[in-house]
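Data first, discussion second: the structure below is written as structure tokens.
The values are calculated or read from the model by the stated rules, or taken from the named source; none is laboratory data. Not measured: the values here are computed from a predicted model. Positions of Cβ are generated from backbone atoms using ideal geometry, with glycine treated the same way; all protein chains shown enter the neighbour counts.
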């Protein structure tokens, strides 16, 4: 469910008969912003505005959208598009009345999730822990690693069972970690649970999502770990 931040310029004066009225009797602009107000380059975020009269009632009026700088663009409907990483600002205007500036954070676009190195490992007899299951998030424009973004690791085979026969480091079947400065996660391993007859093999799936919920290409790739 979306959360909304509501910005009221002149909010303390709403309902006061002494307010000067602008076009169509409008005295304030109620700006509605989805929370969190964060998107990636190329993603969009829909803002909305409600012109209000001195009684706090909606007024039909044509509003203009503005943005200084080049971090974001905004179209006549209030649709914001991320252009470059940074913090953009947007405001609505009606005649001489303007809303407060709203900040919109823009992150580098997560264009692909890749497995670094091998995706199939064999754990020798007498050992119980796999090598690290390494992945990296990358952006294409500009070509760069994507830092501090969540990646989900999940044991998908064997299916959840009691007792658990394999687990990720930390004793869990699903774990979410943030990418490091070079865009990688290199600390996740799979281990057989001590005292339980282990499976012949296990599968770990990795996935990531963009800030507005779309899957990052490359999500769903799998590591296969075989136990001797």
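The table below gives the values:
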{"item": "Residues (outside any loop (DSSP other than H, G, I, E, B) and crowded, with 18+ Cβ neighbours inside 10 Å) located in region 122-144", "result": "123, 135, 136, 137, 138, 139"}
{"item": "Region 218-228, residues that are surrounded by 14 or more Cβ atoms within 10 Å (Cβ to Cβ), part of a loop (DSSP other than H, G, I, E, B) and at negative phi", "result": "219"}
{"item": "Residue list for region 53-85, restricted to those being assigned to a loop (DSSP other than H, G, I, E, B) and more than 17 Å from residue 26 (Cβ to Cβ)", "result": "67, 68, 69, 70, 71, 75, 76, 77, 83, 84, 85"}
{"item": "Residue 157 vs. criteria over 17 Å from residue 128 (Cβ atoms), surrounded by 19 or more Cβ atoms within 10 Å (Cβ to Cβ), touching a strand residue (DSSP E or B) at 6+ places or on another chain (Cβ under 8 Å) and in contact (Cβ under 8 Å) with a residue 12 or more places away in the chain", "result": "no"}
{"item": "Flag for residue 63 being farther than 19 Å from residue 35 by Cα and in contact with a helix residue (DSSP H, G or I) (Cβ under 8 Å, 6 or more places away or on another chain)", "result": "no"}
{"item": "Residue in region 86-101 that is surrounded by fewer than 18 Cβ atoms within 10 Å (Cβ to Cβ), outside any loop (DSSP other than H, G, I, E, B), at negative phi and assigned by TED's automatic domain parsing to the domain that holds residue 171 present", "result": "no"}
{"item": "Test: residue 205 is part of a strand (DSSP E or B), free of Cβ contacts under 8 Å to residues at least 60 places away in the same chain and surrounded by fewer than 17 Cβ atoms within 10 Å (Cβ to Cβ)", "result": "yes"}
{"item": "Region 112-121: number of residues that are closer than 29 Å to residue 40 by Cα and either surrounded by fewer than 20 Cβ atoms within 10 Å (Cβ to Cβ) or in contact with a helix residue (DSSP H, G or I) (Cβ under 6 Å, 6 or more places away or on another chain) (or both)", "result": "6"}
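This table checks each residue for (1) in the same structural domain as residue 42 (by TED's automatic domain parsing); (2) more than 21 Å from residue 212 (Cβ to Cβ); (3) free of Cβ contacts under 8 Å to residues at least 40 places away in the same chain; (4) more than 17 Å from the chain's Cα centre (by Cα).
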| residue | (1), (2), (3), (4) |
| --- | --- |
| 117 | no, yes, yes, yes |
| 121 | no, yes, no, yes |
| 126 | no, yes, yes, yes |
| 173 | no, yes, yes, yes |
| 176 | no, no, yes, no |
| 182 | no, yes, no, yes |
| 189 | no, yes, no, yes |
